[in-house]
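To start, the structure itself, in structure tokens.
The values are calculated or read from the model by the stated rules, or taken from the named source; none is laboratory data. Note that the structure is a prediction, hence the values are computed from the model and not measured. No Cβ is skipped: glycine too gets one built from the backbone with ideal geometry, and neighbour counts run over all protein chains shown. For accessibility, only protein heavy atoms count, side chains too; no ligands or nucleic acids. Shrake-Rupley method; radii C 1.70, N 1.55, O 1.52, S 1.80 Å.
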Amino acid sequence: MKNMTLEHIAAVCGGTYIGNEADKTREIQGAVIDSRLVEKDYLFIPVRGEKVDGHSFIPSVFEKGALAVLSEEKLEDPAGPCILVENTLDAMKKIAADYRRGLDIKVVGITGSVGKTSTKEMIASVLAQKYNVLKTEGNLNNEIGLPLTIFKIREEHQVAVLEMGISEFGEMDRLSTMANPDICVITNIGLCHLENLITRDGILKAKTESFAHLTPDGIAVLNGDDDKLCDKKVVNGKPAVFYGIEKAAKVAETEEGTKTLAEKTVYATNVEAVDLTGTKAAIHYPSKETGGEVTMEVTIPIAGEHNVYNALAAVSVARELGLTCDEMKRGIESVQTIGGRSNLIHKNGITIIDDCYNANPVSMKASIDVLSNAPGRKIAVLGDMGELGAEEKQLHYMVGEHFAGKGIDALYCVGTLSQEIAKAVRTCSSKTEVHHYEDKADLIKDLVKEVQSGDTVLVKASHFMGFPEIVKELTK
């Protein structure tokens, strides 16, 4: 890792180096918190957890070839160099921030209430047509995951696409201090993490903490159809790049009343669903070279209008980083879904929309819309959405109201809050067969017996509901 000598690391994190003087100038080759991932000349960062204290693995990591360890404890006769710090997690974040600033690389930071991961995948797919790209893997988007991702950046990487997820004020400030993005993408300001952030204005304030940590020439790429983001027309003295459906500023009904949204720099027209196999659209953007408008016809291989927004965000970023129209189109049309997020599974004649990684009111409604375009009998399996604060029951009921007009044949739901979804559907639709369960095992038992060849089944809930179990049973 470039410039990451033990001497430098100790200085950056305010630690005390303990070890041979000759080792001070040696560079680490990687940094991890999992002792199982330690390789030769790695830095091991022990973390104290509820059940396991990483400090207990320090002897074993030296046996695996670790160059050095951080530690909150003064070690008795360690087998290698140690950097003594007050808090290993705080030290890790300081090291990650310093490492990122020493890299000659473009960083795209992505946040938002809904769609962070799918937007990250879309942007990475597009940028990979021109650059060597490192992207956030899995759910490594928090204050532990982000520095671990940054530590994976090597000199051959040209762009890093980093996802940043938060649930409280100040967290984005800490994340973006490490990421130091050249481009900051915000997908939307939706109804999630309301327990700590209280309102959408609170969410906006928390998400836009990232602006203070953009590089000097950094820009913001924002969803111009979002009634909160559309007001951020200038960020750090530079015009924001807005994207959305249709170029013209829309008039929308918001919580505060009628509002004019943003005119878009990058926009889509002629959006058309293609069953569950994808979405067609024409994407328009101004050429950096000629100033004229470029029109690109694409077929996004994932269903749902929300994926058009993901493609628009990718084009907005790619345009700033010099990709051609052909490169953008190729990247959009080759993007792949990942497990738990609008992933289509075909098994035993059944089509399963596996979207059970997480859920909030916006993403739940979007998934219901996708199901409504499916052929054959349509079944939704829904569960509770978490972290919605004082209005959680009302927000579940509103999802049910949205569901009721979509022509879906059957609803199976489980959980205390999902009772509100079931109640709304029963009230607003006489055509949908509604089943609510207190126990997930009972739901699975009935669902497996009911589902037949030709059906399309949506499976969606917040992660704590454990809905991958339902997907597993349906795919046996």
Could you say whether any residue in the stretch 300-311 is open to solvent by less than 60 Å² (accessible area, probe 1.4 Å), of a type in the set (Gly, Ala, Ser), within 28 Å of Asp227 (Cβ to Cβ) and part of a helix (DSSP H, G or I)? yes
Restricting to helices (runs of 4 or more DSSP H) lying wholly in the stretch 374-476: which have 2 or more residues that are within 18 Å of Lys347 (Cβ to Cβ) and in contact (Cβ under 8 Å) with a residue 40 or more places away in the chain? 440-450, 468-474
Looking only at the stretch 119-137, decide whether some residue is more than 24 Å from Gly322 (Cβ to Cβ), open to solvent by less than 30 Å² (accessible area, probe 1.4 Å), not in a strand (DSSP E or B) and not small (Gly, Ala, Ser). no
Quick test for you: out of Ile28, Ile45, pick the one residue that is within 32 Å of the chain's Cα centre (by Cα), closer than 30 Å to Cys184 by Cβ, surrounded by fewer than 22 Cβ atoms within 10 Å (Cβ to Cβ) and not assigned by the TED database to the domain that holds Gly218. Ile28
Just one of (1) out of contact with any Pro (no Cβ under 9 Å at 6 or more places or on another chain); (2) open to solvent by less than 40 Å² (accessible area, probe 1.4 Å); (3) touching a residue at least 12 places away in the same chain (Cβ under 8 Å); (4) assigned by the TED database to the domain that holds Ser167 trips up Ser367, so point out which. (4)
Checked against (1) open to solvent by 40 Å² or more (accessible area, probe 1.4 Å); (2) within 16 Å of Ile144 (Cα to Cα), Pro59 satisfies every condition except (2)
Identify, please: which residue in the stretch 405-418 is open to solvent by 20 Å² or more (accessible area, probe 1.4 Å) and touching a helix residue (DSSP H, G or I) at 6+ places or on another chain (Cβ under 8 Å) and is, among those, farthest from Gly454 (Cα to Cα)? Leu417
Subset of the stretch 149-177 [in a loop (DSSP other than H, G, I, E, B) and open to solvent by less than 50 Å² (accessible area, probe 1.4 Å)]: Phe151, Ile153, His157, Met164, Gly165, Ile166, Ser167, Gly170
Pairs returned, first residue in the stretch 146-158 that is closer than 19 Å to Tyr131 by Cα, second residue that is loosely packed, with under 15 Cβ neighbours inside 10 Å, beta-carbon separation under 6 angstrom, 6 or more apart or interchain, are Glu156/Asn132; His157/Asn132; Gln158/Asn132
Just the residues that are among the hydroxyl-bearing types (Ser, Thr, Tyr) and more than 22 Å from Leu162 (Cβ to Cβ), please, taken from the stretch 290-345. Thr290, Thr295, Thr299, Thr324
